[in-house]
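Heads up, the thing below is written out as structure tokens.
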Amino acid sequence: MSAVRLVMAREIIPTGPSVFLAGPTPDKSAPVPSWRPDALALITAQWPGPEPLTVLTPESRDGIRAERYEHQVDWETDARAAAGAILFWIPRDMRTMPGMTTNVEFGLDVSTGRAVLGVPADCPNPERNRYLAYVARRHGVPVRETLTDTVAEALALVTGAAASG
């Protein structure tokens, strides 16, 4: 197993194999645990190497938010463009993690050939993911229902061994 390094919002985006963790981010107004630490643990366990893998997350290191909203949006756009795979995990909860920005990002990235969509059937509002799953399938984007399978598919994209289906 090779090294996995975490690059957080507004940090320098290195070259080399990378995965961007796209999806709803918990908001301070309705605090819930982030799903990204679980994704990072699965990626670390599954990454076959041999090169180091960079995991790009839009969450801020130590909770320090961007001075300007545009800085955050620009970094996220650049990070998604640089990523070898864009892992969308959408545990949709319209009360705590609605993912409205995620919907737009998915629409922008669906035709890149680098997107993977994870839509858990057991999330609070799975019916709100139906449209995204339909659009994903129309564009040949892999759709998975578990974080483990979504991570595996994203890593297959990065390594060039995608097993879509």
Has segment 78-96 got any residue that is of a type in the set (D, E, K, R), open to solvent by 50 Å² or more (accessible area, probe 1.4 Å), under 24 Å from Ser29 (Cβ atoms) and out of contact with any His (no Cβ under 8 Å at 6 or more places or on another chain)?
yes
Only one residue in Ala39, Ala45 is open to solvent by less than 70 Å² (accessible area, probe 1.4 Å), outside any strand (DSSP E or B) and small (Gly, Ala, Ser), so which one is that?
Ala39
Test for Ala41: is it touching a Phe, Trp or Tyr at 6+ places or on another chain (Cβ under 8 Å) and aliphatic (A, V, I, L, M)
no
Look at Thr54 and say whether it is modelled with pLDDT of 95 or more, of a type in the set (Val, Ile, Thr), open to solvent by less than 10 Å² (accessible area, probe 1.4 Å) and more than 12 Å from the chain's Cα centre (by Cα).
yes
Considering Pro124, Pro120, which residue is farther than 24 Å from Gln46 by Cα and in a loop (DSSP other than H, G, I, E, B)?
Pro124
For Thr101, the lone unmet condition from (1) in contact with a Ser or Thr (Cβ under 9 Å, 6 or more places away or on another chain); (2) of a type in the set (Ser, Thr, Tyr); (3) open to solvent by less than 30 Å² (accessible area, probe 1.4 Å) is (3)
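The values are calculated or read from the model by the stated rules, or taken from the named source; none is laboratory data. What you see is a predicted model; the values in this text were computed from it and never measured. When we count neighbours, we look across all protein chains shown, and the Cβ atoms used for this are built from the backbone with ideal geometry, even at glycine. Heads up: the accessible areas ignore ligands, DNA and RNA and are worked out on the full protein's heavy atoms, side chains in. Shrake-Rupley method; radii C 1.70, N 1.55, O 1.52, S 1.80 Å.
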